[in-house]
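Accompanying notes for the structure given below.
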Amino acid sequence: MDGWRRPGDPGEVRPIDRVDDPHSPCVRHVSDYHKSPGHRRCERGAMTDTAQRFIERADALAAILDSSDQQWDAPTPCDGWTVRDVVAHAIDSERDFLTRQGFDPGAAPDLADPATAWRDHAKTVAEVLGQPGVAEQEYDGHFGRTTIAATMADFYGWDLVIHGSDIARATGQPWSISDSEAASLGATADGWGPALYAEGVCSPAVPVAADASASDRLLARLGRDPEWQAPS
């Protein structure tokens, strides 16, 4: 099970060319792209709140990868997937979306170092979202009318948070999110309806203690055992 293949196609919008080189070494983490206006070539239009939500989720995944002690081949709660496989899935799915919307994400990053690959990829996404008018651009998605930023934040960004838990637990790191973030992700899951448990999306929900944390309840709802531990 990959855990997160998407049913259907998010849709298409008119092509817009990328206006910058995604491989320019301006910054280390994607959020720095918007926090450091003094960096040459890293200045773009104001970031929308929705686009910023993707950036925050991308940065959270970057922090987990940076603390993973390079355990790239460790097994994860996604059956049959290593940490490297999870990162490859996240990058490939987002690159595919950008390409189908007419953007050029450039060459695929080298997954020899998944942490670096993720930072390079996330910076590319930030550059695309920072182009004037791109974040707010509407199109007809699988679940109705939406925007580029909403798709990145709440379709793919949703993926990042949950896969962040997979990578954290696979590499022996603690993982939790705030109650408000858990509620936000739960609301996104609500929007999936029955498709949430379609083949290749989420496994059936698993039982969880009545006093479980919001983070654990979310994982359980999405078919992940909150007590999962990497094989010793």
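The values are calculated or read from the model by the stated rules, or taken from the named source; none is laboratory data. In this text the structure is predicted, and so the values were computed from the model without any measurement.
Here are the numbers for the structure shown:
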quantity	calculated
Whichever residue in segment 100-140 is polar (S, T, N, Q) and modelled with pLDDT under 95 and, among such residues, is nearest to Met47 (Cα to Cα)	Gln131
Qualifying positions in segment 71-89 - over 18 Å from the mean Cα position of the chain (by Cα) and either assigned to a helix (DSSP H, G or I) or of a type in the set (S, T, N, Q) (or both)	Gln71
Whichever residue in segment 96-141 is of a type in the set (Val, Ile, Thr) and part of a helix (DSSP H, G or I) and, among such residues, is nearest to the chain's Cα centre (by Cα)	Val125
